[in-house]
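Just so you know, all these numbers are worked out from the coordinates, no wet-lab data involved. As the structure is a computational prediction, the values presented were derived from the model and not from experiment. Every residue, glycine as well, gets a Cβ built from its backbone with ideal geometry; the counts of neighbours run over all protein chains shown.
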Amino acid sequence: MTMIKLHYMPPSGNSYKVRILLSLLDVPHEKIVVDNKTREHKSAQFLAMNPRGEVPVLEIDGVYLWDSAACLVYLARQFGGDHWLPADPLQMAQVMQWVALAGSEIQFGLQYARRGLKQDRWTAGNLEQGQAISRVALNALEGRLNKNDWLALGRPTIADIACFPYVETAPQAKIALENYPAIVQWIERCKALPGWAER
Ligand SMILES: N[C@@H](CCC(=O)N[C@@H](CS)C(=O)NCC(=O)O)C(=O)O
């Protein structure tokens, strides 16, 4: 039987994406907390698992997957049949364009602006720049969700999971979601899915 371990930090939004899918698919796994206080994720031992020194890392029978997007792809295809990430090339690409948004404007805008405010650590521009990048993502999401319940394929997929954590915490990046009513409704729709993990 495949042994799956999630190396994560409880407050990490990128780890939360993986926790959501593990929970939705009810995949047996072990959780290993990485100690942020001792900067364990920058240790030689951790860097051997993930050269970027970040969580999450998903360990599958001794194989290490880093980046939440890779973890979602693996779990969806291994345990979710065609539901969360279909094998059909066109459908897969329609899901992956939103996963790509999560790794670009959402990370460099919403995630880093929030982190800057919480930790006073600004690695990719100041608050104003972060908020401007965030709005590119939020406008794309709002435009899509205005006319659709889900980001891709008319059903929940890893597109929704990948975008969710840092969109939900947009107010912590000092971006009010009141101006994005379709996003606010989508957040509630996601949280109502059976098996959705608590933050
Ligand atoms: N693109 C990566 C980003 C990972 C990332 O930013 N991880 C953060 C936690 S959410 C981290 O490990 N930060 C530790 C640090 O920067 O010291 C992913 O999606 O997994």
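The table below lists the values:
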quantity: Inverse mean reciprocal Cα-Cα distance (Kirkwood Rh) of segment 1-40, Å; calculated: 10.9 Å
quantity: Distance (nanometres) between label positions extended 7 Å along Cα→Cβ at N179 and I32; calculated: 4.3 nm
quantity: Relative contact order (%) - the chain, alpha-carbon pairs under 8 angstrom, separation at least six; calculated: 23 percent
quantity: Using alpha carbons only: equivalent-ellipsoid semi-axes of segment 71-131, gyration tensor based, whole Å; calculated: 32, 12, 6
quantity: Computed magnitude of the charge dipole of the chain (debye, nearest 20; Cβ of K, R +1, Cβ of D, E -1); calculated: 420 debye
quantity: Cα-derived Rg to Rh of segment 4-79, Kirkwood definition; calculated: 0.94
quantity: Net lengthening on full extension, M3/Q78 (0.36 nm per residue, minus Cα-Cα); calculated: 25.7 nm
quantity: Charge context of E168, other residues only, Cβ under 9 angstrom, K/R +1, D/E -1; calculated: +2
quantity: Extension gain (nm, one decimal) between Q129 and I60, 0.36 nm per residue minus Cα-Cα; calculated: 21.1 nm
quantity: Bins of 10 Å, starting at 0 and running to the largest distance - Cα pair percent for segment 35-89; calculated: 24, 41, 24, 11, 1
quantity: Lys, Arg +1 and Asp, Glu -1 on Cβ, resulting dipole of segment 137-184 about Cα centre, debye, nearest 20; calculated: 100 debye
quantity: Three principal axis lengths of the chain [C-alpha, angstrom, descending]; calculated: 44, 41, 28
quantity: Theoretical FRET efficiency, 1/(1+(r/R0)^6), r = Cβ-Cβ of N139 and A70, R0 22 Å, to 0.05; calculated: 0.25
quantity: Principal semi-axes in Å for segment 89-191 [√(5λ), Cα gyration tensor, largest first]; calculated: 24, 15, 11
quantity: Charge tally in the Cβ shell below 14 Å around P56, where Lys, Arg are +1 and Asp, Glu are -1, P56 excluded; calculated: 0
quantity: Charge context of R115, other residues only, Cβ under 13 angstrom, K/R +1, D/E -1; calculated: +2
quantity: Share, in percent, of DSSP beta bridges within the chain that are antiparallel, nearest 5; calculated: 70 percent
quantity: Value of [θ]222 nm, deg cm²/dmol, for the chain, DSSP H segments ≥ 4, -39500 (n - 2.57) each, nearest 500; calculated: -14000 deg cm²/dmol
quantity: Count of lysine pairs in the chain with Cα separation under 28 Å (8 or more residues apart, or interchain); calculated: 23
